[in-house]
1. Tell me, which residue of region A:97-130 that is farther than 23 Å from A:LEU204 by Cβ and among the charged types (D, E, K, R) is modelled with the highest pLDDT?
2. Just a yes or no: is a residue in region A:346-367 touching a residue at least 24 places away in the same chain (Cβ under 8 Å), under 30 Å from A:GLY157 (Cα atoms), of a type in the set (Val, Ile, Thr) and surrounded by fewer than 19 Cβ atoms within 10 Å (Cβ to Cβ)?
3. Determine if region A:459-476 includes at least one residue that is outside any helix (DSSP H, G or I), touching a residue at least 12 places away in the same chain (Cβ under 8 Å) and over 24 Å from the mean Cα position of the chain (by Cα).
4. Would you be able to say whether some residue in region B:147-167 is β-branched (Val, Ile, Thr) and in contact (Cβ under 8 Å) with a residue 40 or more places away in the chain?
5. Could we say that A:ILE32 is touching a residue at least 60 places away in the same chain (Cβ under 8 Å), more than 8 Å from chain B (Cβ to nearest Cβ) and more than 17 Å from A:GLN226 (Cα to Cα) here?
6. For B:MET27, all conditions in the list (1) at pLDDT 90 or above; (2) under 22 Å from B:ILE266 (Cα atoms) hold save one; what is the number of the exception?
7. Any idea which residue in region B:109-126 is surrounded by the fewest Cβ atoms within 10 Å (Cβ to Cβ), counting only those that are of a type outside the set (Gly, Ala, Ser) and either within 15 Å of B:THR186 (Cβ to Cβ) or away from chain A (no Cβ under 14 Å) (or both)?
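The values are calculated or read from the model by the stated rules, or taken from the named source; none is laboratory data. No experiment lies behind these values; they were computed from the predicted model shown. All Cβ positions, glycine included, derive from the backbone under ideal geometry; neighbour counts span all protein chains shown.
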Amino acid sequence: MAEPILQIRDFNVLFDTHDSEVHAVKNLNFDIGEGECVGIVGESGSGKSQLFLGALGLLTSNGRATGSVKYRGRELLGLPERSLNKVRGSKITMIFQDPLTALTPHMTIGAQMMEALRTHQHVPRAEAEKRCLEILDLVRIPEARNRMGQYPHELSGGMRQRVMIAMATVCGPDLLIADEPTTALDVTVQAQILEIMRDLKKELKTAIVLISHDMGVIAGMADKVQVMRLGEVVEGGSTDEVFYAPKHDYTKALLDAMPRIDRPMRKGHAILQPLSTIGAEKRLLDVEDLKVYFPIKTGGFPVSKVKPLRAVDGVSFSLRQGETLGIVGESGCGKSTLARAVMKLIEKTDGAVVWSGRDLSDLHGPDVRKLRKEFQIVFQDPLASLDPRMTIGESIAEPLVTLRPELTRTQVQDEVRAMMKRVGLEPGWINRYPHEFSGGQNQRVGIARAMIVKPKLIVCDEAVSALDVSIQSQIVDLILNLQSEFGMSMIFISHDLSVVRQVAHRVMVLYLGRIVELADRNSIYEDPRHPYTRALIAAVPVPDPKAERGKQHVTLASELPSPLDSRAQLSFLKSRMIDNPDAEQYRPKLVEVATGHYVAEHDPA
Amino acid sequence: MWPYAIRRVLGAVPTLFIIIALTFFMMHIAPGGPFDAQRHLPPEIEHNVRAAYNLDKPVWEQFAIYLGNLLHGDLGPSYKNHDFTVTQLIEVGLPVSARLGLSAIILAVVLGISLGTVAALHQNKATDYGVMGLAMIGITIPTFVTAPVLALVFGIYGLHFFGFDFFLPAGGWNGGAFANMILPVTVLALPQIAIISRLVRGSMVEVLRSNYVRTARAKGLPNHIVIFRHALRAALLPVVSYLGPAIAGLLTGSLIVETIFGIPGIGRYFVEGAINRDYTLVMGVVICYAAFVIVLNLVADILYALLDPRVRFA
């Protein structure tokens with residue numbers, strides 16, 4: 001066998017903390033071969049990121065790495081900074097998650113790319129510029145020359161991540177370490193980024209380490225996989241072995257917990273009850289032509305114009321008792337705004353929201369507060385949405401104290417304890433604070449707080465998006481079980497189409513504030529009609545290596561257009577578009593193609 | 001940028017007006033007047049004096065007259081420093097104060113940024129604790145202690161090195177000679193060095209932990225490039241915000257330093273004018289100070305936007 005590019009032996013990463021020493025990575029041994037893609041899977045705290053930060057001398061000052069990391073036979077650990085810098089950034093490069101914070105905000109894209117090239121290869125400026133343009137072209141950045149003069153904040157998330165990849169590729173590395181390169185990105189953008197990385201591997205023969213929590217992403221990319229948990233590799237092997245014949249219980253559990261877009265349920269987990277068993281046919285909520293516009297100031301002194309940002313632009317739907325409506329769409333499609341406008345957390349611009357036959361437009365002040373007994377919301381970031389100065393007991397009790405003032409103190413306490421038990425929290429933790437809990441536990445607190453008043457409608461706004469797969473699966477189980485017990489309706493908002501498939505009876509796909517498709521879940525996932533829905537579903541990676549390899553990678557060519565451009569909503573109906581960004585445009589209508597299956601008008605493919 | 005600057009300057013006009021009005025009426029509400037401390041004058045002479053300065057008119061009218069003169073750039077005569085107009089007093093004193101203040105701030109910026117950066121790079125090591133300890137002392141010891149102590153040590157006793165006697169003037173302006181400036185500039189700069197170095201250390205520590213500094217290091221860039229090109233610029237942002245008002249304060253002089261070192265600046269006018277009810281003088285220095293604050297804050301905001309391209313002029 002040829003000599004590996006990177007050989008890792010008895011590798012450990014340790015951190016000194018105030019209390020003790022944290023062993024973040026324990027006794028790791030593996031090789032990375034020429035042109036190979038190695039996937040490192042693990043949940044938060046598994047040490048998967050610290051592993052390579054340690055190998056390249058990038059740990060924070062309280063961390064240290066021991067053991068051996070050899071690049072083409074040359075030991076990297078313990079090298080002085082100056083010698084390490086000959087390898088780091090030139091032969092071994094890194095891409096980080098969150099390209100907004102990972103790029104220097106006050107330097108142009110061009111400057112940041114060229115400094116890497118000029119530090120390592122001492123090429124003249126003109127030559128460096130030419131090479132950068134070539135690489136930007138390779139990662140398919142349009143108008144590369146203009147981009148070179150732009151700052152990171154002027155680019156979209158997907159473009160920034162392409163710049164990161166370009167920056168890491170420009171010196172012609174042997175090994176590219178990508179740490180969660182697509183985690184914060186929308187699925188269609190993720191698909192584009194993965195495609196670019198696949199091309200790099202094929203065309204430049206660069207070996208890639210792909211660190212990810214997403215088994216689906218790994219399945220389609222990696223030749224070999226290492227599964228990490230709490231600093232240790234629990235299982236390693238070829239991708240097919242790990243996915244189709246996992247040996248370790250943790251790997252099996254992880255694969256089972258992972259929601260899959262091609263399956264309506266997870267093995268061994270709670271399933272969505274059919275509507276007939278939980279709800280009545282009674283319609284609880286009717287939303288008619290709801291619009292939420294935000295005025296956006298464009299241009300500056302002395303002439304500024306105010307343009308409406310159409311966050312939600314004419315959305316109608318209804319919700320029955322006990323029904324879960326999934327709302328999916330990419331960032332900026334208006335899914336959160338829609339839910340908040342329905343709940344009267346923000347003012348709507350136009351349209352009607354009718355709740356149990358009552359138009360909510362007329363409600364003000366105290367009436368709205370009474371309404372909260374029937375509507376509750378669970379937010380994305382469980383820690384940030386709880387008051388850090390209140391005990392979890394106080395947080396959970398608060399809606400009860402406000403909305404049911406007739407209860408005595410002990411009754412409130414009893415209710416809180418009962419609800420804590422119900423959501424899987426130890427009632428004895430009632431006096432603890434949010435920072436003492438993990439993300440999953442805090443989300444249970446958030447759910448308990450929402451459920452305590454026994455609402456008729458719960459809005460879950462990306463409620464499981466920030467959680468690790470196994471925790472996410474537990475929270476999804478909890479939500480499904482609570483629904484079958486209490487029979488509440490739900491609006492489940494998520495950018496993750498796979499999770500929505502597990503929890504929603506019907507699914508609404510939003511594109512720039514308008515519905516493009518609305519149908520029951522099986523129709524949406526198995527028979528999507530709108531090209532946008534199709535692209536979204538195709539972009540979601542499945543934790544099945546063979547399926548992923550065989551997949552035709554259809555990606556949306558363009559970026560999401562600016563929502564201030566009135567033409568944007570007509571991206572799929574170009575035949576009706578008036579070519580003027582300020583013109584009043586045609587709005588695609590919803591057409592019922594089958595019973596209960598609505599699709600927005602679009603040009604034939 | 002220019003439309004933004006013009007808009008800000010125009011926006012400052014009402015602010016200035018409010019400051020002028022508040023100062024004017026507060027001065028007049030305060031008991032006593034500019035001529036009360038003098039020996040008793042015969043009523044008709046006092047009446048004439050008051051009439052000459054319009055003090056016999058209602059306050060509203062006095063204010064209107066003052067504003068009218070102000071629009072012509074006339075700050076009026078000083079009530080106490082006879083034969084001088086306020087404009088003349090400021091014209092003489094301001095350059096002296098400004099020269100001291102500017103020297104002090106330049107010294108403070110250079111030393112403060114350097115010390116803060118060094119401390120941040122050696123976070124939680126002896127160097128860091130040493131610099132921050134000194135900075136703490138610099139902040140806590142007031143100038144009315146450092147000024148006389150330094151004057152005593154360097155000016156009166158002098159230092160004796162290798163058989164050389166080393167003296168600095170303990171006071172006086174001497175037309176702004178370099179030797180005369182050393183002690184007052186040092187006294188003015190010390191607390192500023194301390195404050196700036198603490199600001200820089202704090203933000204630098206944060207920036208050094210940021211993702212983009214990690215990226216820069218992962219790119220294999222040499223240390224000095226990582227620090228100067230990637231980290232320092234972002235770390236200076238809080239200093240820029242601080243410097244706007246700080247420079248305004250230093251340029252318009254310090255009562256303590258100017259009194260102790262006997263420097264003919266405008267710092268003492270604030271207090272002397274207020275005690276003597278020298279209405280026009282107080283108004284003059286307040287307007288001067290307010291204008292500095294407004295302009296320097298604008299400069300700081302523009303500088304901030306130049307350092308951080310994410311900030312837009314809005």
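1. A:ARG125
2. Scanning region A:346-367 turns up at least one residue that is touching a residue at least 24 places away in the same chain (Cβ under 8 Å), under 30 Å from A:GLY157 (Cα atoms), of a type in the set (Val, Ile, Thr) and surrounded by fewer than 19 Cβ atoms within 10 Å (Cβ to Cβ).
3. no
4. The answer is no; no qualifying residue exists.
5. Taking the combined requirement at face value, the residue does not satisfy it.
6. The one condition B:MET27 does not meet is (1).
7. The extreme case among them is B:VAL110.
Residues checked against (1) among the small types (Gly, Ala, Ser); (2) modelled with pLDDT of 85 or more; (3) in a helix (DSSP H, G or I):
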| site | (1), (2), (3) |
| --- | --- |
| B:ALA120 | yes, yes, yes |
| B:GLN123 | no, yes, no |
| B:THR127 | no, yes, yes |
| B:GLY133 | yes, yes, yes |
| B:ILE137 | no, yes, yes |
| B:THR146 | no, yes, yes |
| B:VAL149 | no, yes, yes |
| B:LEU152 | no, yes, yes |
